[in-house]
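See structure below.
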Amino acid sequence: MAPEENTRDINIQLQESVGAVYGKISKFSTSFFKMITDPTAAINGGGGGDVKTFDGQVAGHGGILQLPNGTLIKGSNEVELNFYKAVKDLNLPLRKFMPECYNFDPEFQQIQEQYLANKPGSFINMQNLLTNYHNPNVIDIKLGTRLYDDDADDMKKQKMIAMANNTTSAATGIQISALQIFDKPEQRIKKIGKTYGKMLTVENLPHALLRFFYNITEPVYKNSIYSNEEELDKSFLNREPSNYTVGFFKAILAQIYELRDAAYNSHTRIYGSSLCIIYETIEVAREVERRCQNPAEYVYPFSVHLIDFAHSTFVDPSLGEDQSLMTGLNNIIVIIENYLKTFNKI
């Protein structure tokens, strides 16, 4: 059988198997939105403990719910569920960077019965990536120069093209959707919304990306409403980074190199997905000391994830890499590498 037929068969078989379980995709009705805005009224009546709105979401359309067991529920579609199942069944290297999906575990039937009975649409029960963090710093970076899939109608396609052209997506494959940082002086999380990312240019996008990572050791979001990168102090870019900070940048790079290889070898087309990077707020002096004591064994407190697969599918390997996605990943790598080269740290 030809590779193209193999790929097509995988997609068709998965569509049939997932479709049998979840039925046809339907648009969310008013009852779904009531469930989102008032989880107690819409879901908690089903028993099994309280459900709350997930407050750790940085970007996206909202409406993610957190179950009593700590896992999350969000609206999904068959394309996304197919993709998760295929990556798991084929044990693709990309799986390491994806949140765990529990829809295909035996326990999911109980989740359906307790929380999703008679709810319209498809849902995904997934891992909460923030579970092991106390005061997480999170960035959501939409990847790709192309933000629509092959099934998009003309109106959707033109809308996504305009969005890419009006942000940094079209030129770089990177758009900072939103982020959150833990403000140490105020001892609280601050969310920096989508306006910040939309106002970025190709010229100052690297500053914004480097700022987020540099923030692990030095507060670089001070005295700003966070709406415009140009309002923020950029002096940190000219200071030689500490050994700890350099090590953090290199650890981030290593993970993105691995993710890039995983995406390349998975033979996919992934549109509208995001790179989610999370790191813990640290006591800098303590962590520097820990690293100095055992640098070979020290593990930086961060994780790298690829999220959102509602527009993802598999292609014949002969079609080559996903150039849209790869452009974004490669440009993130270039930004970090160039910064380290400035100080001869790579």
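The values are calculated or read from the model by the stated rules, or taken from the named source; none is laboratory data. All values reported here derive from a predicted model rather than from experimental measurement. Neighbour counts run over all protein chains shown; Cβ positions are idealised from the backbone, glycine included.
Of note:
- Residue in the stretch 125-158 that is surrounded by the most Cβ atoms within 10 Å (Cβ to Cβ), counting only those that are among the aliphatic types (A, V, I, L, M) and under 30 Å from ARG188 (Cα atoms): LEU143
- Restricting the stretch 96-111 to residues that are surrounded by 18 or more Cβ atoms within 10 Å (Cβ to Cβ) and not aromatic (Phe, Trp, Tyr), the residue that is farthest from TYR221 (Cα to Cα): ILE111
- Selection status of PHE33, assigned to a helix (DSSP H, G or I), at pLDDT below 95 and not polar (S, T, N, Q): yes
- Pairing residues of the stretch 168-192 that are in the same structural domain as THR281 (by TED's automatic domain parsing) with residues that are at pLDDT 95 or above and of a type in the set (Asp, Glu), at Cβ distances under 9 Å and at least 6 apart in sequence or on separate chains, gives ILE176/ASP140; SER177/ASP140; ALA178/ASP140; LEU179/ASP140; PHE182/GLU280.
- Members of the stretch 196-211 found to be over 18 Å from ASN165 (Cβ atoms) and either loosely packed, with under 15 Cβ neighbours inside 10 Å or modelled with pLDDT of 95 or more (or both), listed by number: PRO206, HIS207, ALA208, LEU209, LEU210, ARG211
For every residue, the table says whether it meets (1) over 18 Å from the mean Cα position of the chain (by Cα); (2) farther than 21 Å from ILE189 by Cα.
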| position | (1), (2) |
| --- | --- |
| ASN265 | yes, yes |
| ARG269 | no, yes |
| ILE277 | no, no |
| ARG286 | yes, yes |
| GLU289 | yes, yes |
| CYS292 | yes, yes |
| LEU306 | no, yes |
| ALA310 | no, yes |
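- Check on ILE161, in contact (Cβ under 8 Å) with a residue 24 or more places away in the chain and at negative phi: no
- Given (1) in contact with a Ser or Thr (Cβ under 6 Å, 6 or more places away or on another chain); (2) over 25 Å from THR131 (Cβ atoms), index of the condition ASP308 fails: (2)
- Scanning the stretch 93-146 for residues that are among the basic types (Lys, Arg) and either over 23 Å from the mean Cα position of the chain (by Cα) or outside the structural domain of HIS311 (by TED's automatic domain parsing) (or both) yields ARG95, LYS96, LYS119.
- Where GLU240 falls short, out of the listed (1) without any contact (Cβ under 8 Å) to a residue 60 or more places away in the chain; (2) farther than 27 Å from THR327 by Cα: (1)
- Note on the stretch 241-300: residues that are of a type in the set (D, E, K, R) and surrounded by fewer than 17 Cβ atoms within 10 Å (Cβ to Cβ) amount to 8.
- Of all residues making up the stretch 181-195, the number that are surrounded by 21 or more Cβ atoms within 10 Å (Cβ to Cβ) and within 18 Å of the chain's Cα centre (by Cα): 2
- Those strands (runs of 3 or more DSSP E) of the stretch 238-307 in which at least 3 residues are among the hydrophobic types (A, V, I, L, M, F, W, C), considering only elements entirely within it, cover 274-280, 302-307.
- ILE111 passes every criterion in (1) over 15 Å from ILE307 (Cβ atoms); (2) in contact with a Cys (Cβ under 7 Å, 6 or more places away or on another chain) apart from (2).
- Among the candidates GLY75, GLY70, residue that is at pLDDT 90 or above and in a strand (DSSP E or B): GLY75
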